[in-house]
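J.: Below you will find the structure I want to go over with you.
The values are calculated or read from the model by the stated rules, or taken from the named source; none is laboratory data. Because the structure is a prediction, the values reported are computed rather than measured. Positions of Cβ are generated from backbone atoms using ideal geometry, with glycine treated the same way; all protein chains shown enter the neighbour counts. SASA here: full protein model, heavy atoms, side chains in, ligands and nucleic acids out. Shrake-Rupley method; radii C 1.70, N 1.55, O 1.52, S 1.80 Å.
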Amino acid sequence: LLIRKSDRVIVGSADFKDIPNKDCEVEIGYGLGKDFEHNGYMTEAVMAMSQWALKQDGVSSVIAETEIDGFASQRILKRCGFKKYKEEATTWWRLR
């Protein structure tokens, strides 16, 4: 859970979807309550989780999947340094 420091309100959640795959990639997933958008909470969380993950043994990349029209989520990933690497029914992003 993502908890706002100032008042301990839950604003969203973020997680690693599984252990690293055979390519040493770990997938991140996240969601934010509508009332808490545009405050930088998710950018801060994705950045912190990604930096932590990349320091772990057996992890060479953090990946994320977004909907083709998931522009808000895509902006978060871009701000955190992720690069688009595949687009089919959804868009896939990677940070190394």
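J.: Express the accessible area of the chain per residue in Å², computed with a 1.4 Å probe while the remaining protein chains stay in the model.
T.: Ligands and nucleic acids excluded, the result is 65 Å² per residue.
J.: Something else about it: Give me the angle, in degrees from 0 to 90, between the Cα long axis of helix 41-54 and the longest principal axis of the Cα atoms of the chain, rounded to the nearest 10.
T.: 30 degrees
J.: Separation between the Ile10 and Glu88 pseudo-spin-labels, each 7 Å from Cα along Cα→Cβ, expressed in nm?
T.: Spacing of the two 7 Å Cα→Cβ label points: 3.3 nm.
J.: In 5 Å bins starting at zero, report the fraction of Cα pairs in the range 1-51 per bin as a rounded %.
T.: 5, 19, 29, 22, 12, 8, 5, 2, 0
J.: If you plug each phi of the range 32-38 into the Karplus form 6.51 cos²θ - 1.76 cosθ + 1.60 with θ = phi - 60°, what whole-Hz ³J(HN,Hα) values come out, in order, with x for Gly and Pro?
T.: 10, x, 3, 5, 10, 5, 6
J.: Follow-up. Once phi is turned into θ = phi - 60°, what whole-Hz ³J(HN,Hα) does the Karplus curve with 6.51, -1.76 and 1.60 give for every residue of the range 88-96, x standing for Gly and Pro?
T.: 9, 6, 9, 10, 10, 10, 9, 10, 10
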